[in-house]
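Visitor: Structure below; questions to follow.
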Amino acid sequence: MDTWEFYTEKLIPALNEGLWMSVLIIVPSAALGVLIGVLAGAGRAAGPPWLRRVLDLYVSVFRGTPLVVQLTMWYYGLPGVSRFLGSILGPMGLPEFTWRFLVLSPYVASVVAFTLCSGAYQSEYIRGAILSIRKGQFQAAKSLGFTDSQTFWSITAPVAMRRALHGCGNEIIYLIKYSSLALLVTIQELTGKSNALASFYFRPLECYLLTALYYLALVSLATFFLRWLENRLRVPGMGMAKTG
Amino acid sequence: MTGRPEGSPPGAAGPPLMEARNITKILGGKLILDDVSLSLNRGEFKVLIGPSGSGKSTLLQCVHFLLIPDGGDVLLEGASAVEMGHKNVCAFRREIGMIFQDFNLFDHLTARDNVAIALRKVKKVPKAAAMARAMGELERVGLADKAGLYPAQLSGGQKQRVSIARAMAMEPKLMLLDEPTSALDPELIGEVLNVIANLARGGMTMLMVTHQIGFARHLVNEINFMEDGRIIERGHPEALLADPASRTATFCSRLSELTGNQ
């Protein structure tokens, strides 16, 4: 098989399939990660003390352990927990789903792992953004008769969103690349496909080089979108220079 | 600038518009306000002066219930802030406007949106009406042409005028001003004082912390001199400043020696 044919017949179709799988993992993980980050970040910045402690614990666990370990725990570790639960709940006459739900498919395990890890990092950016808002902004809102929730939606959220955008975007770009870890739980996404082809045809250079270009394209697309969003939300004097 | 006729502020016959009764406030273990009482009739303009740390700003914030006093009460048209309870404190604050030393405009909103947002969110005025009202208020402070600019694009004096427009749009019964010109460059002070003088002539009830005695003496009904959390002197500016033995007069003459302010 000549090189050209290898590209058009084998490598590119396979990588396109892998790309689709990657996108299916990245998009929900990024969206849910931001959602969790916003909730956890707001809770850590402004929540009651017990909530802060719970959320701080979440962040320190998920930021403090390797993502590979987390991912393999979700996929390979949880079935063990499920079996243990089953040995207790089964004899009690409970239906099987009360422990079977812990056995995750590779796809669900990946999305759960990436979402929770990403959310922990996102919450740090959101928390920082909320804490950086000057006290006077809240005082002004109070003096105009804003309730706490009106202040949150009219002042805190729009300002924090702009301040956090840089960091959150950065985290999404990281996520695009660490989504490749999904190959460890048997998912045939971009890197998984590339890995298989490279060893089957013994052409690692071409395979990995082209895979790198695919990731570069994904990241460029995300960067472009984030720049567009930044420019749309840009407010003079809020520390975001016009780019792009 | 012409002063209001002495001794007969409008509405003086009825109960006071605002009455602060025996306000006590402790911050960080220190007694900042020590049993302070103060009242304003409708249309009156009073000034608080005194050395820094004497509790002037804290008193304004307690009158507004931005800080909840540890003791005492504030009555606005006879309605007690303490009795309103925690839930209605927002409704109480809405009736009072506050101008801050460092403006505190909302950084992410244009001048016009700064004025309109409380109308829309707090008073639930429809968007178009709120925007029209905001333009009207900006016109009154001479900034209609800056409506689309963000705070970072405005000078200090313009920011403070927008913040006055923002407070006025809520139609407050009482306006509190916390050193509204002390963060401004000297050449920008005049434009803000002009707007404040216009409010006074329009009959707005106001309580202002200021060191601009030259401005205040012709316009206000009463000077209250604060020291160590108490009001130790109060009286008509001409009377207080004419009495060389008064604490107010010595403080003000030292102030004008130091800064050249009159």
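The values are calculated or read from the model by the stated rules, or taken from the named source; none is laboratory data. Just so you know, these numbers come straight off a predicted model, no measurement behind them. Cβ placement follows ideal geometry from the backbone for every residue including glycine, while neighbour counts extend to all protein chains displayed. Just so you know, the surface numbers come from the protein's heavy atoms only, side chains and all, with ligands and any DNA or RNA stripped out. Shrake-Rupley method; radii C 1.70, N 1.55, O 1.52, S 1.80 Å.
Visitor: Taking the conditions exactly as written (within 24 Å of A:Pro13 (Cβ to Cβ), among the small types (Gly, Ala, Ser) and surrounded by fewer than 15 Cβ atoms within 10 Å (Cβ to Cβ)), does A:Ala217 satisfy them or not?
Guide: yes
Visitor: If you go through the range A:166-184 one residue at a time, do you hit one that is touching a helix residue (DSSP H, G or I) at 6+ places or on another chain (Cβ under 6 Å), closer than 30 Å to B:Leu177 by Cα and open to solvent by less than 80 Å² (accessible area, probe 1.4 Å)?
Guide: No, the range A:166-184 contains no residue that is touching a helix residue (DSSP H, G or I) at 6+ places or on another chain (Cβ under 6 Å), closer than 30 Å to B:Leu177 by Cα and open to solvent by less than 80 Å² (accessible area, probe 1.4 Å).
Visitor: Only one of B:Val220, B:Val195 is at pLDDT 90 or above, within 17 Å of B:Leu38 (Cβ to Cβ) and of a type in the set (Val, Ile, Thr). Can you tell me which?
Guide: None of the other options fit; the residue is B:Val220.
Visitor: I would also like to ask the following. Would you please name the residue that is most open to solvent (accessible area, probe 1.4 Å), looking only at residues in the range A:87-112 that are without any contact (Cβ under 8 Å) to a residue 60 or more places away in the chain and within 14 Å of the chain's Cα centre (by Cα)?
Guide: By that ranking, first place goes to A:Val108.
Visitor: Looking at the range B:172-192, is at least one residue more than 13 Å from the chain's Cα centre (by Cα) and modelled with pLDDT of 95 or more?
Guide: The answer is no; no qualifying residue exists.
Visitor: Return yes or no: is A:Gly18 in contact with a helix residue (DSSP H, G or I) (Cβ under 9 Å, 6 or more places away or on another chain), open to solvent by less than 60 Å² (accessible area, probe 1.4 Å) and over 29 Å from A:Tyr215 (Cβ atoms)?
Guide: no
Visitor: Right, here's the next one. Sort through A:Gly136, A:Gly145, A:Gly119 and tell me the only one that's in a loop (DSSP other than H, G, I, E, B) and small (Gly, Ala, Ser).
Guide: A:Gly145
Visitor: So, one more: Return the only residue of B:Ser52, B:Ser39, B:Ser57 being open to solvent by 10 Å² or more (accessible area, probe 1.4 Å), part of a strand (DSSP E or B) and among the small types (Gly, Ala, Ser).
Guide: After applying the criteria, what remains is B:Ser39.
Visitor: Separate question: Starting from residues that are more than 30 Å from the chain's Cα centre (by Cα) and of a type in the set (Phe, Trp, Tyr), keep the ones in the range A:117-155 and report whichever is least open to solvent (accessible area, probe 1.4 Å).
Guide: A:Phe146
Visitor: For the range B:90-118, what are the residues that are closer than 12 Å to A:Gly145 by Cα and either β-branched (Val, Ile, Thr) or more than 9 Å from chain A (Cβ to nearest Cβ) (or both)?
Guide: The answer is B:Ile96, B:Ile117.
Visitor: Take the residues in the range A:197-213 that are touching a residue at least 12 places away in the same chain (Cβ under 8 Å) and assigned to a helix (DSSP H, G or I), then tell me which one is most open to solvent (accessible area, probe 1.4 Å).
Guide: That would be A:Tyr208.
Visitor: Does A:Arg162 satisfy the condition of being farther than 30 Å from B:Lys87 by Cβ and either open to solvent by less than 20 Å² (accessible area, probe 1.4 Å) or more than 14 Å from chain B (Cβ to nearest Cβ) (or both)?
Guide: When the stated conditions are applied, A:Arg162 does not pass them.
Visitor: A further question on this structure: Take B:Leu219 and tell me if it is more than 14 Å from chain A (Cβ to nearest Cβ) and either under 17 Å from B:Ile49 (Cα atoms) or of a type in the set (D, E, K, R) (or both).
Guide: Here the answer is yes, as B:Leu219 does meet what is asked.
Visitor: To continue, here is another question. Would you check if A:Leu85 is at pLDDT below 95, on the phi < 0 side of the Ramachandran plot and outside any loop (DSSP other than H, G, I, E, B)?
Guide: When the stated conditions are applied, A:Leu85 passes them.
Visitor: If only one of B:Ser80, B:Ser57, B:Ser37 is within 14 Å of another protein chain (Cβ to nearest Cβ), touching a strand residue (DSSP E or B) at 6+ places or on another chain (Cβ under 8 Å) and of a type in the set (S, T, N, Q), which one is it?
Guide: B:Ser57
Visitor: Return the residues of the range A:70-86 that are exposed (fewer than 14 other Cβ atoms within 10 Å of the Cβ) and within 21 Å of the chain's Cα centre (by Cα); say none if nothing qualifies.
Guide: A:Tyr76
Visitor: Kindly list, by first and then second residue, each pair from a residue in the range A:183-194 that is under 13 Å from A:Val23 (Cβ atoms) to a residue that is among the β-branched types (Val, Ile, Thr) and buried (at least 21 other Cβ atoms within 10 Å of the Cβ), limited to pairs with Cβ atoms under 7 Å and residues at least 6 apart or on different chains.
Guide: So the pair list comes out as A:Glu189/A:Ile25; A:Leu190/A:Thr211.
Visitor: Going through the range B:119-140 one residue at a time, which ones are away from every other protein chain (no Cβ under 12 Å) and among the β-branched types (Val, Ile, Thr)?
Guide: B:Val125 - this is the single residue of the range B:119-140 that is away from every other protein chain (no Cβ under 12 Å) and among the β-branched types (Val, Ile, Thr).
Visitor: A further question on this structure: Enumerate the helices (runs of 4 or more DSSP H) found wholly within the range B:65-161, keeping only those where 2 or more residues are crowded, with 23+ Cβ neighbours inside 10 Å and out of contact with any Ser or Thr (no Cβ under 8 Å at 6 or more places or on another chain).
Guide: The qualifying helices (runs of 4 or more DSSP H) are B:111-121, B:127-140.
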